[in-house]
Amino acid sequence: MQSMLIFQSLWAMERRSAKYPELTLEENLEKIAAAGFDGISAHWTDREAVRRIGELLKHHGLQAEGQCFPKTVDDLKPVLEIAAEYNVHHICLQPDVRLRRLEDCLPLLEGWQRLGEEAGIDVFIETHRDRMTTDLFFTLDLLDRLPDLRLLADLSHFLVGREFAWPVSDENHALIHRILDSSWAFHGRVASREQVQIEISFPHHRPWVDLFLGWWEYGFRSWRKRAGGDDVLALTCELGPKPYAITGRDGEDSTDRWEEALLLMQEARALWARTIG
């Protein structure tokens, strides 16, 4: 039976506050587990750091999304070696190159796909600004050339990057749906036309929240049609600290990002339940 996991980003647990001290890794993992998350998202590039995280994950019964930022095909190899030693649900790969020609991107994407298949580990390419996938149209062109490319959809980057007019046109919805039809995992963040991360608990931001909920529901339903009968979908709550988070004059967050992560988890699980049956 298909199922869904909700992860919490360790980066999103950073407070970067003059008022509130940072929690330890142990405290963060305990808090995440107690709140009912299924796992975490963390960098999977340093073996010693991953070893420490892996021990805590095992203790709490949590899973992980491993993030990496390769510039070459070979850069992925040590990440996959660590992933084989300390298991992950999937690898979130941000291609840390900014190439202008499709032909220069294809060998990298094909190489990363090949390494993931050989290792038996799911490797998904994240849609993200200042990466190979920074532009929506360029990413769609990549999909035209590599129809089997598996994406991890962080749609906030495309919305703010293209500055879609409101209300979002049918044409732009269709472009996002093409991305979602190739997406195998999700990052949960809500953007507006102007900010990559807005406060989802503010009532006046509800139209943007509803926009993303609609996109995610489409993405969940699309995934269900493509995935195997026992496959597991993952969504990571990724409400990052400043400068992603909007701050006030005092430099502190304008909202409680932890409480909003819990709200996002609740919304995502409700969406998943709607796709059942």
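The values are calculated or read from the model by the stated rules, or taken from the named source; none is laboratory data. Keep in mind the model is a prediction, meaning the values are calculated, not measured. Glycine gets a Cβ as well: all are built from the backbone with ideal geometry, and neighbour counts include every protein chain shown. The protein model used for the area step is the full one, side chains on, heavy atoms only, and it has no ligands, DNA or RNA in it. Shrake-Rupley method; radii C 1.70, N 1.55, O 1.52, S 1.80 Å.
Under a 5 Å amide H to amide H cut-off, with H placed in plane at 1.01 Å, what residues pair with His43 once short-range neighbours are removed?
Gln67
Using the Cα centre of the chain as origin and beta-carbon charges of +1 (Lys, Arg) and -1 (Asp, Glu), tell me which of Pro207, Ala119, His43 is placed farthest towards the positive end of the dipole.
My answer, from the dipole projection, is Pro207.
Starting at the first residue of the range 162-179, write each ³J(HN,Hα) from the Karplus equation 6.51 cos²θ - 1.76 cosθ + 1.60 with θ = phi - 60°, in whole Hz, x for Gly and Pro.
Result, ordered by residue: 8, 6, 3, 5, 10, x, 5, 6, 4, 4, 6, 4, 5, 5, 5, 4, 5, 5 Hz.
Explain nothing, just the number: dipole magnitude of the range 80-124 about its Cα centre with +1 on each Lys and Arg Cβ and -1 on each Asp and Glu Cβ, in debye rounded to the nearest 20. Walk me through the numbers before you get to the answer.
On the way: 4 positive and 9 negative charges, 57 e Å.
So the dipole magnitude of the range 80-124 works out to roughly 280 debye.
Hey, got the dipole for the range 63-140? About the Cα centre, +1 on K and R Cβ, -1 on D and E Cβ, debye to the nearest 20?
On the way: 8 positive and 15 negative charges, 66 e Å.
The dipole magnitude comes to about 320 debye.
When the Kirkwood hydrodynamic radius is evaluated over all pairs of different C-alpha atoms of the range 3-275, what value in angstrom, to one decimal, is obtained?
For the range 3-275, the Kirkwood estimate is 19.0 Å.
Considering only DSSP beta bridges where both residues belong to the range 3-275, give the percentage that are antiparallel (nearest 5).
Taking every DSSP beta bridge with both residues in the range 3-275, the antiparallel ones total about 5 percent.
Can you tell me which of 87-94, 13-20, 208-215 comes out highest on packing, and rank the rest after it, using the mean Cβ neighbours within 10 Å?
87-94, 208-215, 13-20
In square angstrom, what is the accessible area per residue of the chain with a 1.4 angstrom probe? Walk me through the numbers on the way to the answer.
On the way: 12700 Å² over 277 residues.
Accessible area per residue, the chain: 46 Å².
Normalised by the number of residues in the chain, what is the relative contact order in percent for Cα pairs under 8 Å and 6+ residues apart? List each step's numbers first, then the result.
Details: 445 pairs, mean separation 58.0, N = 277.
Value for the chain: 21 percent.
Tell me the label-point distance for the pair Ser3, Ser201, using the 7 Å Cα-to-Cβ offset, in nm and rounded to one decimal.
3.0
Using θ = phi - 60° and the Karplus relation 6.51 cos²θ - 1.76 cosθ + 1.60, list the HN-Hα couplings for the range 83-90 in order, rounded to whole Hz, with x at every Gly or Pro.
Per-residue couplings from phi come out as 5, 5, 7, 10, 4, 10, 6, 6 Hz.
Students often forget the sequence filter, so: which lysines lie under 26 Å Cα-Cα from Lys77 once same-chain residues fewer than 8 apart are removed?
Lys58
Give a quick list of trypsin sites (Lys or Arg not before Pro) in the range 216-277 that DSSP marks as loop, anything other than H, G, I, E or B, with at most 15 other Cβ atoms within 10 Å. Write out the running numbers ahead of the final one.
On the way: sites: Arg221, Arg224, Lys225, Arg226, Arg249, Arg257, Arg269, Arg274; in loops: Arg249.
Passing sites in the range 216-277 are Arg249.
Please get the size of the charge dipole for the chain, origin at its Cα centre, with Cβ charges of +1 on Lys and Arg and -1 on Asp and Glu, quoted in debye to the nearest 20. Present the calculation step by step, with values, prior to reporting the outcome.
Numbers: 32 positive and 46 negative charges, 66 e Å.
The dipole of the chain has a size of about 320 debye.
Based on the mean of other Cβ atoms within 10 Å per residue, sort peptides 37-45, 71-79 so the most packed one is first. Mind dumping the intermediate values first?
Working: 37-45: 22.1, 71-79: 16.4.
Peptide ranking by packing, descending: 37-45, 71-79.
Once you list every other residue whose beta carbon is under 14 Å from the beta carbon of Phe212, what net charge do they have if Lys and Arg are +1 and Asp and Glu are -1?
Values: positive: Arg189, Arg193, Arg206; negative: Asp154, Glu199, Asp210, Glu217, Glu238, Glu260, Glu267.
Net charge in that neighbourhood comes out at -4.
Could you calculate the contour length gain from Leu263 to Tyr20, that is, 0.36 nm times the residue separation minus the distance between their Cα atoms, to one decimal place in nm? Kindly include the intermediate steps, with their values, before the conclusion.
Values: separation 243, 0.36 × 243 = 87.48 nm, distance 2.14 nm.
Length gained, Leu263 through Tyr20: 85.3 nm.
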